[in-house]
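As structure tokens, the structure follows; a few thoughts come after it.
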Amino acid sequence: MFTAQDHGTGPMDTVTIRFLGTGDAFGSGGRLQTCIFVNTAETRFLIDCGTSSLIGMKRYGVDPSSIDVILLSHLHGDHFGGIPFIIRESQILAQRTAPLIIAGPAGLKIRIEEAMGVYFPGSSNIATGFPLEFIELPDNQDLSIDSLHVTAYPAIHTPATNPHSLRIRCNSRVIAYSGDTRWNDNLIEASSMADLFICEAFEYDKAMDNHIDYRTLMQNRWNLSCKRIVLTHMNDSVLRRKDSLELECAEDGMIITL
Ligand SMILES: [Zn+2]
């Protein structure tokens, strides 16, 4: 169980990652959509927030009101569609007062407000009751957000989602995240010397225009200097082989401590 009381426990620079959702947009393997919770001594944050994220948070004991920052890689529903549910829960059930920062690609504020209006008509005009800040991440620049340092690298995915890969430095640890993207050399820089690279592998060996397949990732494996790679966002072609892959696969609920 992760609660706000976890602040300050253990070594101050320990970073704990809990995968709340490791699935794709299509429910492959019965997994929840992308949502990765990271707990540091100073900042509790989510990396992506798919539509099922609130379910994942409650399933794995993460208090939604304790989240300080949500980082978004791109604006597909299985990566940001959980935000309207979190905001509504905050307004109606939790009566949150603590501030929340949502940072992601250009255009995130209007897209989230549009989603609020579709899911909960009329709700986008309702005051949240807590400070809510939207930050657009510039390309290739280190930006300080709360205690985090975040760099967004342009990715190759559905252009209308404004796709990016993320490099996040928290305390002395670096977490890289591919988001959804075709293989590209920005991933090498984004994950350079990272303690953990969370990389999508949507397909096993079928090359796609907007996703990474496992075979292509393995062909580029030795260009990557990260210490550990964990696969996520896998469809059935990868999931049915996951026990024989050379790389580790994330599971819903899995915990990694850095
Ligand atoms: Zn996507």
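The values are calculated or read from the model by the stated rules, or taken from the named source; none is laboratory data. Quick caveat, the model's predicted, so the values are computed rather than measured. Neighbour counts are summed over all protein chains in view; Cβ atoms, including those assigned to glycine, are modelled from backbone coordinates with ideal geometry.
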Exercise for the section: Hey, can you tell me all the residues within segment 204-233 that are touching a residue at least 40 places away in the same chain (Cβ under 8 Å) and more than 25 Å from Arg169 (Cα to Cα)? Expected result: Asp209, Asn210
Exercise for the section: Would you mind stating whether Arg167 is in a strand (DSSP E or B) and modelled with pLDDT of 95 or more? Expected result: yes
Fill in the blank from the handout: Within segment 226-244, residues in contact with a strand residue (DSSP E or B) (Cβ under 9 Å, 6 or more places away or on another chain) and either over 22 Å from Ala190 (Cβ atoms) or charged (D, E, K, R) (or both) come out as Lys227, Arg228, Asn235, Ser237, Leu239, Lys242, Asp243
Practice task
Could you please let me know if Phe130 is surrounded by fewer than 22 Cβ atoms within 10 Å (Cβ to Cβ) and at pLDDT 95 or above?
Solution key: no
Handout entry: Residues within segment 1-29 that are at pLDDT 95 or above and either outside any loop (DSSP other than H, G, I, E, B) or under 23 Å from Pro99 (Cβ atoms) (or both), tallied
Key = 9
Exercise for the section: Collect the residues in segment 135-165 that are among the small types (Gly, Ala, Ser), more than 15 Å from the chain's Cα centre (by Cα) and within 16 Å of the ligand (Cβ to nearest atom), keeping them in residue-number order. Expected result: Ala160
Exercise for the section: Pull up segment 200-249, narrow it to residues that are among the β-branched types (Val, Ile, Thr) and under 17 Å from Arg31 (Cβ atoms), then point me to the one that is farthest from the chain's Cα centre (by Cα). Expected result: Val238
Handout entry: Residue identified as within 16 Å of the ligand (Cβ to nearest atom) and among the small types (Gly, Ala, Ser) among Ser178, Ser124, Ser172
Key = Ser178
Exercise for the section: Report yes if Asp195 is more than 17 Å from the chain's Cα centre (by Cα) and modelled with pLDDT of 95 or more, otherwise no. Expected result: no
Fill in the blank from the handout: Note: among Asp213, Asp205, just one is charged (D, E, K, R), touching an Asp or Glu at 6+ places or on another chain (Cβ under 8 Å) and more than 21 Å from His76 (Cα to Cα), namely Asp205
Completion exercise
If we keep only residues of segment 181-192 that are assigned to a loop (DSSP other than H, G, I, E, B) and within 16 Å of the ligand (Cβ to nearest atom), then the residue nearest to the chain's Cα centre (by Cα) is Thr181
Problem - Candidate set: segment 59-86, residues that are in contact (Cβ under 8 Å) with a residue 40 or more places away in the chain and of a type in the set (A, V, I, L, M); chosen: the one nearest to the ligand (Cβ to nearest atom) - result: Leu75
Practice task
Return a yes/no flag: does segment 193-203 have any residue that is within 14 Å of the ligand (Cβ to nearest atom), surrounded by fewer than 24 Cβ atoms within 10 Å (Cβ to Cβ) and free of Cβ contacts under 8 Å to residues at least 60 places away in the same chain.
Solution key: yes
